[in-house]
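Trainee: Take this structure, written in structure tokens, and hold onto it; I'll ask about it next.
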Amino acid sequence: MITVSTSRLATRSRSGGGGRRALVAVLAAFVGLVTLPALAQTPVRFTLDWRFEGPAAPFLVAVDRGYFKDEGLDVTIDTGNGSREAIPRVASGTYDMGFGDVNSLVRFRDENPGVDVKAVMMVYDRPPFAIVGRKSRGITNDVASLQGKKFGAPTADAAFAQWPIFKAVNNIDDRSMKFENVGFPVREPMLASGEVDAIFGFAMSSYINLKSRGVAVDDIVMLLMGDYGVELYGNVIMVSPKFLAEKPEAVKGFLRALVKGFKDTAANPAAAVDSVIRRNDVARKDVELERLTMNLQQNVLTPWVKENGFGGIDRDRFAKAIDQIGLTFTFKHKPKVEDIFVEAYLPARAERMSVSQ
């Protein structure tokens, strides 16, 4: 910031005539022009659900191409440790906004009724929740093949959190199955080495990670929960109650900028993934581009989104998702759709349609 002191000039101007007064006015105006943009930048602390990998590209593109800055926002984006963990980060106010699993948010809000975290934009219209196994370990696309198997199941994983729903809608008796709580870093390596028969995870992460570890593509079996009667949505943009109350225009500006980031990413994923590679020294562009492309095709640019626009929801479907959560979770106060998801901060539909065009 440039700082200019005008006090001495102002003192002299009282004895030096109108020319000096004019100079003071010019300098004051200059100071105003220099400092106002800095003062106008609203800081936003944002948490992702995971590391800087392919699916993070739209967020980072919005930073790198100045879309957040154009909205008067100074956005800091941090990595996460799972799409469930993003929720308490935002609820506590440690982060103003975040990217996390909406189904876990529904449960969290019911368990913490005094914390009014809102979802304001749907990103994963189709959830990436999957059970990923190996054909050579006896896993097929038939859910009956899961019987008697051993699973790597991180407790913080949003996909594993939906197992009770998957089990209920598919009438699965899991007493013969073994679920081992494993850390995220060893989940795919354990499946690759045969220590477990299948794992829970996000499809685009687990599939790509297994491929990169040398597991043959025709040996990888993915049971996408959305294909097996699970009506749930996936990750959303959520906002802390305090930030939403105090900075509603900043929330709107953030979503406008993010729509541009998604539009650019959908139009040219290969260019967008460069924003990831710049922040992840160990990432390979070909791997992250495949992960990003898979994520866009399976979870973001769904037929519903192409017809209705990115970022919104089908309210009837969302209500069914809440009903499914209730199959295995006892609500203290069953929420309505509007208790969880608020559409008022979304950009105009025409802007959101541009993402998939």
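The values are calculated or read from the model by the stated rules, or taken from the named source; none is laboratory data. Note that this is a predicted model, so its numbers are computed, not measured. All Cβ positions, even for glycine, are placed from backbone atoms using ideal geometry, and neighbour counts span all protein chains on display.
Condition check ((1) in the same structural domain as Asp101 (by TED's automatic domain parsing); (2) at pLDDT below 95) across all residues:
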residue: Pro185; (1), (2): no, yes
residue: Val196; (1), (2): no, no
residue: Ser205; (1), (2): no, yes
residue: Asn209; (1), (2): no, yes
residue: Ala216; (1), (2): no, no
residue: Lys242; (1), (2): yes, no
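Trainee: Does the stretch 164-174 contain at least one residue that is among the small types (Gly, Ala, Ser) and over 23 Å from Arg84 (Cα atoms)? If you could, list the steps in order and put the result at the bottom.
Mentor: Taking the stretch 164-174 as the starting set, the residues that turn out to be among the small types (Gly, Ala, Ser) are 168.
Restricting the remaining residues to those that are over 23 Å from Arg84 (Cα atoms) gives none.
For the stretch 164-174, residues among the small types (Gly, Ala, Ser) and over 23 Å from Arg84 (Cα atoms): absent.
Trainee: So, one more: For the stretch 236-257, which residues satisfy the criterion of being in a helix (DSSP H, G or I) and surrounded by 15 or more Cβ atoms within 10 Å (Cβ to Cβ)? Lay out the reasoning, then the answer.
Mentor: Residues of the stretch 236-257 that are in a helix (DSSP H, G or I), as a first pass: 241-246, 248-257.
Residues satisfying the conditions are Pro241, Phe243, Leu244, Ala250, Val251, Lys252, Gly253, Phe254, Leu255, Arg256, Ala257.
Trainee: Among the residues of the stretch 309-328, how many are of a type outside the set (Val, Ile, Thr) and surrounded by 17 or more Cβ atoms within 10 Å (Cβ to Cβ)? It would help to see each step written out before you state the result.
Mentor: Going through the stretch 309-328, the residues of a type outside the set (Val, Ile, Thr) turn out to be 309-312, 314-321, 323-324, 326-327.
Imposing the further condition that a residue be surrounded by 17 or more Cβ atoms within 10 Å (Cβ to Cβ) reduces the set to 309-312, 318, 321, 324.
Of the residues in the stretch 309-328, 7 are of a type outside the set (Val, Ile, Thr) and surrounded by 17 or more Cβ atoms within 10 Å (Cβ to Cβ).
Trainee: Kindly evaluate Asp274 against the criterion of being exposed (fewer than 14 other Cβ atoms within 10 Å of the Cβ) and not assigned by TED's automatic domain parsing to the domain that holds Val169. Please lay out each step first, then the result.
Mentor: Numbers: exposed (fewer than 14 other Cβ atoms within 10 Å of the Cβ): no; not assigned by TED's automatic domain parsing to the domain that holds Val169: yes.
For Asp274, the condition - exposed (fewer than 14 other Cβ atoms within 10 Å of the Cβ) and not assigned by TED's automatic domain parsing to the domain that holds Val169 - is not met.
Trainee: For the stretch 281-308, how many residues are without any contact (Cβ under 8 Å) to a residue 60 or more places away in the chain, buried (at least 18 other Cβ atoms within 10 Å of the Cβ) and in a helix (DSSP H, G or I)?
Mentor: 1
Trainee: Another question, if that's okay. Quick check on the stretch 163-174. Is at least one of its residues touching a strand residue (DSSP E or B) at 6+ places or on another chain (Cβ under 8 Å) and either polar (S, T, N, Q) or without any contact (Cβ under 8 Å) to a residue 40 or more places away in the chain (or both)?
Mentor: Among the residues of the stretch 163-174, at least one is touching a strand residue (DSSP E or B) at 6+ places or on another chain (Cβ under 8 Å) and either polar (S, T, N, Q) or without any contact (Cβ under 8 Å) to a residue 40 or more places away in the chain (or both), which makes the answer yes.
Trainee: Here's something else I'd like to know. Using beta carbons and a limit of 8 Å, which pairs, at least six apart or on different chains, have the first residue in the stretch 242-268 and within 17 Å of Gly309 (Cβ to Cβ) and the second one surrounded by fewer than 22 Cβ atoms within 10 Å (Cβ to Cβ) and modelled with pLDDT under 95?
Mentor: Listed pairs, sorted by first residue: Ala266/Ser356.
Trainee: Within the stretch 88-100, identify whether any single residue is more than 18 Å from Lys242 (Cβ to Cβ) and of a type outside the set (Gly, Ala, Ser), and answer yes or no. Give the steps one after another, and end with the answer.
Mentor: Going residue by residue through the stretch 88-100, those that are more than 18 Å from Lys242 (Cβ to Cβ) are 99.
Going one step further and asking which of them are of a type outside the set (Gly, Ala, Ser), we end up with 99.
Yes, some residue in the stretch 88-100 is more than 18 Å from Lys242 (Cβ to Cβ) and of a type outside the set (Gly, Ala, Ser).
Trainee: If we only count strands (runs of 3 or more DSSP E) wholly inside the stretch 119-221, which ones have 3 or more residues that are buried (at least 24 other Cβ atoms within 10 Å of the Cβ)?
Mentor: Values: elements: 129-134, 150-152, 178-180, 198-202.
Per the criteria, 129-134, 198-202.
Trainee: Let me ask something additional. Condition (residue is of a type in the set (Ser, Thr, Tyr), assigned by TED's automatic domain parsing to the domain that holds Lys332, in contact (Cβ under 8 Å) with a residue 40 or more places away in the chain and closer than 21 Å to Glu231 by Cα) applied to the stretch 61-82: is it met by at least one residue? So that I can check it myself, show each step before the final result.
Mentor: First, pick out the residues of the stretch 61-82 that are of a type in the set (Ser, Thr, Tyr): 67, 76, 79.
This time we only want the ones that are assigned by TED's automatic domain parsing to the domain that holds Lys332, so: 67, 76, 79.
Then drop every residue that is not in contact (Cβ under 8 Å) with a residue 40 or more places away in the chain, which leaves 67.
Filter once more, so that each one left must be closer than 21 Å to Glu231 by Cα: none.
No; the residues of the stretch 61-82 include none that is of a type in the set (Ser, Thr, Tyr), assigned by TED's automatic domain parsing to the domain that holds Lys332, in contact (Cβ under 8 Å) with a residue 40 or more places away in the chain and closer than 21 Å to Glu231 by Cα.
Trainee: Continuing with this model, one more query. Can you find, within the stretch 83-110, the residue that is nearest to the chain's Cα centre (by Cα) among those that are under 24 Å from Leu327 (Cα atoms) and surrounded by fewer than 21 Cβ atoms within 10 Å (Cβ to Cβ)?
Mentor: In this case the residue turns out to be Glu85.
Trainee: Filter the helices (runs of 4 or more DSSP H) completely within the stretch 1-82 down to those with at least 1 residues that are at pLDDT 50 or above. Walk me through how you get there before you give the answer.
Mentor: On the way: elements: 7-16, 18-40, 57-64, 67-70.
Answer list for the stretch 1-82: 18-40, 57-64, 67-70.
Trainee: For Pro113, only one of the following conditions fails: (1) over 13 Å from the mean Cα position of the chain (by Cα); (2) assigned to a strand (DSSP E or B); (3) in contact (Cβ under 8 Å) with a residue 40 or more places away in the chain. What is its number?
Mentor: (2)
Trainee: Just the residues that are among the acidic types (Asp, Glu) and either within 18 Å of the chain's Cα centre (by Cα) or assigned by TED's automatic domain parsing to the domain that holds Pro241 (or both), please, taken from the stretch 116-151. Even if it seems obvious, please write down each step before you answer.
Mentor: To start, the set of residues in the stretch 116-151 that are among the acidic types (Asp, Glu) comprises 116, 125, 142.
Scanning the stretch 116-151 gives Asp116, Asp125.
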